[in-house]
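The values are calculated or read from the model by the stated rules, or taken from the named source; none is laboratory data. The shown structure was predicted, so the numbers you read here are calculated from the model rather than taken from an experiment. Cβ sites come from the backbone with ideal geometry, for glycine too, and all protein chains shown count toward neighbours.
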């Protein structure tokens, strides 16, 4: 049996001139660069298909605008419907809508949210993010297999922190981490290889790497 692959695709760059932590806020659209990133990812999969390789048969996206807009070029290129799954939404975060800098973090009203950085206490627990993402990935795996059989692929368009928490869980690593060391750039692919419901491999790639220099670095959560 060939593994079924579920690609976790992080959305492209977001238009965020104020530099806020946008989290789950609505109407944060892709920037022009982000739109180009989404197109580049779609072209990446189309090129593989044109060269005789397999292409995704199932496409899922977070309900947030930036994820839906990232999924659209891929849906168009491969003739897929975008299925919206709220389980792969951005992580909850106390600092949503704020500019997260040292001055803001020193405000006493935030101090109670720093009691447990390993959970973390300022937002949705890492373990909860990984659990909901893995449940969605296993459902996507099953649906892709129904549609494409052995070797089928699915894409889930999600967000940096949920994807990174999922990868660390799949690799058996501790979930708490230094956010500066996440390997999950804009429009990157974290690819989970499944045998049945078991993850047997994790691969990482950056099909939009050419557009990363100069891209915004403000995280969503």
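What residue, of 103, 55, is at pLDDT below 95, outside any helix (DSSP H, G or I) and on the phi < 0 side of the Ramachandran plot? Quick ask: steps written out before the conclusion?
On the way: 103 fails: outside any helix (DSSP H, G or I).
Selected residue: 55, the only one of 103, 55 that is at pLDDT below 95, outside any helix (DSSP H, G or I) and on the phi < 0 side of the Ramachandran plot.
Within the stretch 145-190, the set of residues being farther than 26 Å from residue 92 by Cβ and buried (at least 18 other Cβ atoms within 10 Å of the Cβ) comprises 145, 152, 153. Kindly check whether there is at least one residue in the stretch 23-34 that is out of contact with any helix residue (DSSP H, G or I) (no Cβ under 8 Å at 6 or more places or on another chain), surrounded by 23 or more Cβ atoms within 10 Å (Cβ to Cβ) and in contact (Cβ under 8 Å) with a residue 12 or more places away in the chain. So far as the stretch 23-34 goes, yes, one or more of its residues are out of contact with any helix residue (DSSP H, G or I) (no Cβ under 8 Å at 6 or more places or on another chain), surrounded by 23 or more Cβ atoms within 10 Å (Cβ to Cβ) and in contact (Cβ under 8 Å) with a residue 12 or more places away in the chain. Every condition in (1) out of contact with any helix residue (DSSP H, G or I) (no Cβ under 9 Å at 6 or more places or on another chain); (2) at pLDDT below 95; (3) over 29 Å from residue 65 (Cβ atoms) holds for residue 145 except the one numbered (2). For the stretch 39-49, the set of residues classified as surrounded by 14 or more Cβ atoms within 10 Å (Cβ to Cβ) and without any contact (Cβ under 8 Å) to a residue 24 or more places away in the chain consists of 48 only. With (1) part of a loop (DSSP other than H, G, I, E, B); (2) within 13 Å of residue 157 (Cβ to Cβ) as the list, and residue 69 as the residue in question, which single condition is left unmet? Unmet condition: (1). Scan the stretch 77-89 for residues that are more than 15 Å from residue 159 (Cα to Cα) and either out of contact with any helix residue (DSSP H, G or I) (no Cβ under 7 Å at 6 or more places or on another chain) or in a loop (DSSP other than H, G, I, E, B) (or both) and the total you get is 4. Does residue 210 satisfy being modelled with pLDDT of 95 or more, more than 23 Å from residue 19 (Cβ to Cβ) and over 17 Å from the mean Cα position of the chain (by Cα)? Yes; evaluated as a whole, the condition is true for this residue. In this structure, does residue 112 turn out to be part of a helix (DSSP H, G or I), over 25 Å from residue 211 (Cα atoms) and touching a helix residue (DSSP H, G or I) at 6+ places or on another chain (Cβ under 6 Å)? No: the conditions fail for residue 112.
Within the stretch 50-64, the set of residues being crowded, with 24+ Cβ neighbours inside 10 Å and either over 20 Å from residue 10 (Cβ atoms) or under 12 Å from the mean Cα position of the chain (by Cα) (or both) comprises 60, 61, 62, 64. Against the criterion of being in contact with a helix residue (DSSP H, G or I) (Cβ under 8 Å, 6 or more places away or on another chain) and at pLDDT below 95, residue 72 does not qualify.
Name the residue that is nearest to the chain's Cα centre (by Cα), counting only residues in the stretch 4-20 that are buried (at least 20 other Cβ atoms within 10 Å of the Cβ) and part of a loop (DSSP other than H, G, I, E, B).
Within the stretch 4-20, the subset buried (at least 20 other Cβ atoms within 10 Å of the Cβ) is 4-14.
Filter once more, so that each one left must be part of a loop (DSSP other than H, G, I, E, B): 11-13.
Details: 11: 6, 12: 10, 13: 12 Å.
If we take residues in the stretch 4-20 being buried (at least 20 other Cβ atoms within 10 Å of the Cβ) and part of a loop (DSSP other than H, G, I, E, B), then 11 is nearest to the chain's Cα centre (by Cα).
The set of residues in the stretch 199-221 that are surrounded by 16 or more Cβ atoms within 10 Å (Cβ to Cβ) and either farther than 21 Å from residue 7 by Cα or in contact with a helix residue (DSSP H, G or I) (Cβ under 8 Å, 6 or more places away or on another chain) (or both) comprises 199, 207, 208, 211, 215, 219, 220, 221. Among all positions in the stretch 94-112, there is no residue which is touching a residue at least 12 places away in the same chain (Cβ under 8 Å), out of contact with any strand residue (DSSP E or B) (no Cβ under 6 Å at 6 or more places or on another chain) and closer than 20 Å to residue 143 by Cα.
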